[in-house]
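Note sheet for the following structure.
The values are calculated or read from the model by the stated rules, or taken from the named source; none is laboratory data. Please read these numbers as outputs of a predicted model, since none were measured by experiment. A quick note on method: Cβ atoms are made from the backbone with ideal geometry, for glycine too, and the neighbour counts reach across all protein chains shown.
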Amino acid sequence: MHIPDSFMPLSQALIYWAIAIPFIIMSLRWARKEMDDMKNPILAALAAGIFAIQALNIPIGMGTSGHMVGATLVAIVLGSPWAGLLVLTLVLIVQGFVFGDGGVTVMGANIINMGLISGFVGYYTFVGLKKRVSMSIAAFVGAWLGLFVSSLATAVELWLAGTFPLVPGLMAMGTFHFIIGIVGEGLITTIALSAIARSRPDLLSDIVKDIHGGAEA
């Protein structure tokens, strides 16, 4: 999921940066408006957790690897997909500049895939399902789908970059992240959200509090 610099021409990488920057700015505006002394430690803890889970990479082939993302969990806990985008942006900056995990020139594409696509797809899937199924199922499906769709987007971008053919890329990225989404992303998101809802429901966004309260009622 972390596209390295050598996998994409600079001309294409700059296009993804141009797309990503306005969304990053909007996530910063969200943070200035919504973040407070209670939410800041939560955001920092989630960022640290995401940094850790993304260190678990599974080789896929063709020079790529798969791993969990975590944007949906952040978005659900803090009640906005902008939170997921902001946290993934911060994580990717540290990974790229400090640890060399993922490229710097292609960081815009990585932010779009893991922060924007995964976070927004996962969060709004959760919102769409929350009144029809339990909180755990809605969170599981949202996290799984967010990861899966972002992996397909990555495959398409690498095909456009001429890195590998479209169908083998979609098959490799899609198959592995389909599985990772079930045994990793979806499961961890559900467990973490349920644990927070039981122990510290005051830390959750209103949308999750309503669900949790309704379930208890």
Filtering region 1-43 down to residues that are at pLDDT 95 or above and either polar (S, T, N, Q) or touching a His at 6+ places or on another chain (Cβ under 7 Å) (or both) yields S11, Q12, S27
Considering every residue within region 133-141, establish whether at least one is within 21 Å of F51 (Cα to Cα) and not hydrophobic (A, V, I, L, M, F, W, C).
no
Tabulated pairs, region 88-112, first without any contact (Cβ under 8 Å) to a residue 12 or more places away in the chain and at positive phi, second surrounded by 15 or more Cβ atoms within 10 Å (Cβ to Cβ) and among the basic types (K, R), C-beta under 7 angstrom, 6+ apart or interchain:
none
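To keep it simple, each residue is scored yes or no on (1) outside any helix (DSSP H, G or I); (2) under 25 Å from I3 (Cβ atoms).
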site	(1), (2)
K131	yes, no
L145	no, yes
T163	yes, yes
H177	no, yes
Where in region 1-116 are there helices (runs of 4 or more DSSP H), lying wholly inside it, with at least 2 residues that are β-branched (V, I, T)?
10-34, 39-53, 71-78, 81-98
